[in-house]
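The values are calculated or read from the model by the stated rules, or taken from the named source; none is laboratory data. Since this is a predicted model, take the numbers as computed values, not measurements. Quick reminder, even Gly has a Cβ in these numbers, built from the backbone with ideal geometry, and neighbours come from all protein chains shown. Each accessible area value is taken on the protein alone, full model and side chains, heavy atoms only, with ligands, DNA and RNA left out. Shrake-Rupley method; radii C 1.70, N 1.55, O 1.52, S 1.80 Å.
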Amino acid sequence: MFCVQCEHTIRTPVATGCSYAMGMCGKTSEVSDLQDVLIYLLQGVSAYALKARTFGIIDRTIDAYVCQAFFATLTNVNFDSDRILAFISEAQQARASLKERYEAACVAAGQLPDLATGPAAVELTSEKAALLAWAPTAAVNRGAAEVGADILGLRLLCLYGLKGAAAYMEHARVLGEQDDAIGAEFHAIMAWLGTDPSDMHELLGCAMRIGQMNFKVMAMLDKGETDTFGHPEPVQVNVKAVKGKAILVSGHDLHDLQKILEQTAGTGINVYTNGEMLPAHGYPELKKYPHLVGNYGTAWQNQQKEFAAFPGAIVMTSNCIINPDVGNYKDRIYTRSIVGWPGATHLIGDDFSAVIAKAQSLDGFPYDEIPAYTSTGFARNALMAAAPAVIEQVKAGNIKHFFLIGGCDGDKSERSYYTDMAKAVPEDCVILTLACGKFRFNTLEFGDINGIPRFLDVGQCNDAYSAIQLAIALANEFGCGVNELPLSLVLSWFEQKAIVILLTLLSLGIKGIRVGPTVPGFLTPNLLAYLQENFDLKLIDNVEKDLADMLAA
Ligand code: FS2
Ligand code: SF4
């Protein structure tokens, strides 16, 4: 086992990476090794998807499948060996199917098929023991001794960034958005990474290409969400319990939440969001349901305490799931789509009757707690609608600076930095936030500046797209570049969606971003120095110093 994709990775004075029997997240070496095999095979599927495209053969089912399966290897998504084995089997079938169609097209065109190598050529059984024995060949750090740590780090930066983009492609596909040009680009990058590239400039170029591709993916996802559920509107969300039976919906998948709301209407069951689902409250087609009563709990790392105390059924629509055995709630947590935990019930299709029956069998909340609120819904349209008033306040000198403080949460004590930073932001400044890191400060009272709220929750991690749109609009209005705006980005990272968003921001030329709480384990000192030199990327330091620097910039 070797995995270094998230902030939790094991770091010792001699080595970085989870490489023993189990990762810090609870991923076993068996699951990790099978995921390596899966990724390798997916690179082979992509190689044939690319070849097939030269004959106009596009298989949207396989395109979708590759993203789903890749997503399943993201941190805190799928811990179930059997499910990974099933993905491996599907990868073999998908590759064989594309190969057959490609070779038939070659014959028809009177040309010789390309010689398949590496992931496109490897022949494997579907038997677990044999796959595990072969897994070291597919390890994500294969060839590290030959190419050195910098090249390996760049390969992993690309692989993990692409994994984040694949997750967003799958979120978009669920909402009916699939783009063949983006699919082709994805396959090209995936297949190229399967060739174990070792040219530093090409790998750096690839990282930027992934960032640019992900910008298009986030735009596609934004379209899917707003076409389906309307444009988010600013809304107050109760974060306290309401008396009655309850279902908790976590993760990013708004489609699942909608189906649950439809199917629980009139049952007396209250539905709560959790984690990255909180921004759902802003969407007209979701907030119209009166039994979507609020948000329960905070970020993923608090699940075992918060889910254990939740007196209802729980649905994990995407990342992040952590061990439900610890809080003893495995019998009432349901996984969806790419999510998996051994022994937890996995639901396929749009029938949530098992979840509803489970919620009915549980106690629910015995009484109404005194309501307390957070706000959300300041996504693209709401921000654009507010832009003229915001610009007026900036021109009048009433708003001095904007801070985007957001990203993933985690359990490291250093993350108190983000709460302290939000609290320390001067009163003539506005805070934008997104993703699950917001739970560290989203119930604090920030007030407003002449009617403009000082705290604006833009949405999920992928709604970085909305924040970028606002920055571009402000830059256009002020006739400057985004880097010249009084705007500072203070990001927290944990998993691979955060990596691809960082790549997107860098590929858009945004400089001076602060990231923390730690340097990703796959970034060597040389790579970090490169990012610092070329993008003015900074690591978080202490709040007082960073704040002074940002306000002075
Ligand atoms: Fe938080 Fe986990 Fe959004 Fe990340 S709920 S760390 O997956 O994607 O953010
Ligand atoms: Fe370790 Fe993170 Fe990989 Fe889990 S996902 S094995 S914690 S690096």
Heavy-atom surface of the stretch 485-553, accessible at 1.4 Å and reported per residue (Å²)
37 Å²
Once a ≥ b ≥ c are taken as the square roots of the eigenvalues of the Cα gyration tensor of the stretch 84-139, is the result rounded (a/c under 1.5), prolate (a/b larger than b/c) or oblate (a/b not larger than b/c)?
prolate
Separation in nanometres of the label points that stand 7 Å from Cα toward Cβ, at Q93 and A109:
2.8 nm
Amide H to amide H, which residues 5 or more places from T273 or on other chains are under 5 Å from it, using H placed in the peptide plane?
V249, G294, N295, Y296
Overall form of the stretch 428-497 per C-alpha gyration tensor (a/c, 1.5; a/b vs b/c):
oblate
From the Cα centre of the stretch 340-404 to that of the stretch 414-439, the distance in Å is 17 Å
What is the total of Lys pairs in the stretch 233-391 with C-alpha atoms under 25 Å apart, excluding same-chain pairs fewer than 8 positions apart?
27
Can you give me the distance in nm between label points at K330 and E123, each placed 7 Å from the Cα along the Cα-to-Cβ direction?
3.9 nm
Among 84-92, 20-28, the order from most to least packed when residues are scored by Cβ within 10 Å on average:
84-92, 20-28
Taking the simple approach of a point 7 Å from Cα along Cα-to-Cβ for both A130 and I391, what is their distance in nm?
6.5 nm
Straight-distance crosslink candidates among lysines, where the alpha carbon sits under 27 Å from K400 and sequence neighbours closer than 8 are dropped:
K423, K438, K511, K538, K545
Going by the alpha-carbon gyration tensor, a ≥ b ≥ c the square roots of its eigenvalues, is the stretch 90-185 rounded (a/c under 1.5) or, if a/c is not under 1.5, prolate (a/b greater than b/c) versus oblate?
oblate
Taking the dipole of the chain about the Cα centre (Lys, Arg +1; Asp, Glu -1; charges at Cβ), the one of M24, L248, N483 that reaches farthest to the positive side is L248
In whole angstrom, the spacing between the Cα centers of the stretch 238-310 and the stretch 504-534 equals 35 Å
If unit charges are put on Cβ atoms (+1 for Lys and Arg, -1 for Asp and Glu) and the dipole of the chain is taken about its Cα centre, the option from A464, L221, G451 lying farthest towards the positive end turns out to be G451
Computed helical MRE - 222 nm, the chain, DSSP H runs ≥ 4 contributing -39500 (n - 2.57), nearest 500:
-15000 deg cm²/dmol
Roughly how many whole Å is it from the C-alpha centroid of the stretch 158-195 to that of the stretch 9-75?
12 Å
Between Q532 and E544, 0.36 nm times their residue separation minus their Cα-Cα distance comes to what?
2.2 nm
Run the accessible area of the chain with a 1.4 Å probe and give the carbon-and-sulfur part as a rounded percent.
53 percent
With +1 on each Lys and Arg Cβ and -1 on each Asp and Glu Cβ, how big is the dipole of the stretch 1-78 about its Cα centre, in debye rounded to the nearest 20?
180 debye
